[in-house]
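Each reported figure results from applying straightforward, stated rules to the coordinates on display, with no laboratory input. As the structure is a computational prediction, the values presented were derived from the model and not from experiment. Methodologically, a virtual Cβ is constructed for each residue, glycine included, from the backbone with ideal geometry; neighbour enumeration extends over all protein chains shown.
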Amino acid sequence: MTATAPPESLVDAPPVLDVRDLSVTFRTETGSVSAVDGVNLSLAPGEIVGIVGESGCGKSVTAMSLAGLLPRSARIDGSVRLQGQELVGARPSTLRAARGRDIAYIFQEPMSSLNPVLTVGRQVAEVLQVHERLSRREALERAVELLALVGIPSARERVKHYPHQLSGGMRQRVMIAMAVACSPKVLIADEPTTALDVTVQAGILDVLRDLRDRFGTSILVITHDLGVIADIADRVVVMYAGRIVERAGVQRLFDRPQHHYAAGLLSASPTPGRHAGTHRLQEIPGLVPVLEAQPDACTFADRCPAATARCSSAAPPLEPAPLAADVGDHPHEVACWHPRGDRPRPTVEEHA
């Protein structure tokens with residue numbers, strides 16, 4: 001199953017979220033280290049964009065930096081415009097007003113994100129009281145409606161429960177209800193299906209898709225699971241060591257990845273019917289470089305099977321992928337001196 005693309009009229013509209021030259025550095029005892037370097041991305045109205053990459057590639061730091069959720073040790077440079085409003089360098093009061101109302105987050109682990117001493121209904125209602133100025137009774141009534149909207153049965157009873165009384169899937173749905181309480185224009189879902197059963201995972205993705213279809217919400221999905229991306233995303237951004245190394249429409253990237261890292265991620269992901277019996281998944285050798293030791297050249301050179309001397313001396317820019325055919329719905333860009341060429345890969349449907 002693949003995502004239903006937003007109407008063409010929405011995709012052609014100005015982006016709801018426009019990120020330009022975003023860089024994030026952290027102050028440490030040994031100096032400043034770069035976690036995100038020159039990221040550019042955008043979200044059209046009603047569009048779902050997936051960010052993939054290994055742990056340590058800068059996905060979550062990128063997401064947290066969009067609304068100033070990083071600690072004070074972080075320095076954010078570049079531009080993040082939400083519906084035309086600049087968020088980088090904005091006043092704390094401006095950021096607080098935007099969080100939850102205009103841009104909302106679904107964090108990785110709901111058990112550590114939800115308050116264990118407050119009922120889930122109280123926590124959902126709090127968002128409405130702060131941003132919508134509803135009374136406590138009105139907010140609790142709306143909380144019941146929101147829990148029902150995200151597929152929680154017996155919602156009127158569930159609002160009285162504490163997080164530990166709910167299953168992992170239910171807690172994740174509570175997080176989604178909190179995130180969409182004020183109908184935000186942008187929803188950022190950071191590993192929304194981690195550690196969930198396959199059937200629960202499918203339900204969570206259906207909820208996100210339904211929210212996009214009902215309200216035109218733009219969604220940024222961060223995940224390690226390429227099956228999730230194949231199921232729900234319209235476009236894919238591949239990050240490695242704090243930089244974007246490839247981006248394209250989901251069908252194009254899954255069919256013909258151009259960067260050797262993107263191809264490695266797909267080769268390491270099981271595909272129904274292609275890895276049965278003795279066929280072994282192909283792992284990517286080595287590790288993501290640590291922040292303190294990132295090279296100025298191609299960060300993937302040490303792990304790339306096609307690396308040359310040039311790769312260790314300069315960082316390739318993100319440029320149009322050298323495909324023979326028309327790229328179609330979305331531009332296909334790759335940062336690599338020696339892209340893989342126009343070789344077919346397993347399709348989106350095989351990964352979903």
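What ranking of 160, 59, 185 emerges when the number of other C-beta atoms within 10 Å of each C-beta is taken as an exposure proxy, fewest first?
160, 185, 59
Scan around residue 221 for amide H atoms under 5 Å from its own, H built in the peptide plane at 1.01 Å from N, and keep only partners 5 or more places away or cross-chain.
Result for residue 221 returns 49, 50, 51, 189.
How large is the convex hull of the Cα atoms of the range 113-183 per residue, expressed in Å³ as a whole number? Before the final figure, lay out each step's value.
Numbers: hull volume 5.3 nm³, N = 71.
Per-residue hull volume (Cα only) is 75 Å³.
Using helices alone, what [θ] at 222 nm do you get for the chain, with -39,500 (n - 2.57) per DSSP H run of 4 or more residues, divided over all residues and rounded to the nearest 500? Could you put the intermediate results ahead of the total?
Numbers: 13 runs with 107 residues, N = 352.
The helix-only estimate for the chain comes to -8500 deg cm²/dmol at 222 nm.
Starting at the first residue of the range 231-237, write each ³J(HN,Hα) from the Karplus equation 6.51 cos²θ - 1.76 cosθ + 1.60 with θ = phi - 60°, in whole Hz, x for Gly and Pro.
Karplus-based 3J(HN,Hα) across the range 231-237 equals 6, 10, 7, 8, 10, 10, 10 Hz.
Hey, in the GNM for the chain with a 10 angstrom Cα cutoff, which one of 194, 30, 217 fluctuates hardest?
So, out of 194, 30, 217, the one fluctuating most is 30.
If you add up the charges near residue 190, with Lys and Arg at +1 and Asp and Glu at -1, over every other residue whose beta carbon is less than 11 angstrom from its beta carbon, what do you get?
Working: positive: 59; negative: 109, 191.
Result for the neighbourhood of residue 190: -1.
Find the cysteines in the chain that fail to meet the 4.7 Å Cβ criterion with every other cysteine, and list them.
By the Cβ distance rule, which asks for a partner under 4.7 Å, the isolated cysteines are 57, 182, 304, 336.
Based on alpha-carbon centroids, what's the gap between the range 283-303 and the range 215-248 in Å, whole number please?
Cα centroid to Cα centroid, the span is 21 Å.
Would you please give the FRET efficiency between residue 314 and residue 167, computed as 1/(1 + (r/R0)^6) with r the Cβ-Cβ distance and R0 = 45 Å, to the nearest 0.05? Walk me through the intermediate numbers first.
Working: r = 50 Å, r/R0 = 1.12.
Given R0 = 45 Å and the Cβ-Cβ separation, E is 0.35.
Once you treat every alpha carbon in the range 39-182 as an equal point and sum by Debye, what is log10 I(q)/I(0) at q = 0.10, 0.18, 0.19 Å⁻¹?
Scattering profile of the range 39-182, log10 relative to I(0): -0.39, -1.13, -1.21.
Specify which labelled value, from [x] 17.9; [y] 18.9; [z] 23.3, agrees with mean projected area of the Cα convex hull in nm² derived from the coordinates of the model shown.
Label [y] holds the value from this structure.
What helices does the chain have that are whole DSSP H segments, at least 24 Å long along their own axis by Cα, and with mean Kyte-Doolittle hydropathy of 0.0 or more? Don't skip to the end; give the middle numbers.
Details: long enough: 198-215 (26 Å, 0.25).
Flagged H segments are 198-215.
Residue-wise, which Karplus ³J(HN,Hα) couplings in Hz belong to the range 72-78, taking 6.51 cos²θ - 1.76 cosθ + 1.60, θ = phi - 60°, and x for glycine or proline?
For the range 72-78, the Karplus-derived couplings read 5, 6, 8, 10, 10, 10, x Hz, x marking Gly and Pro.
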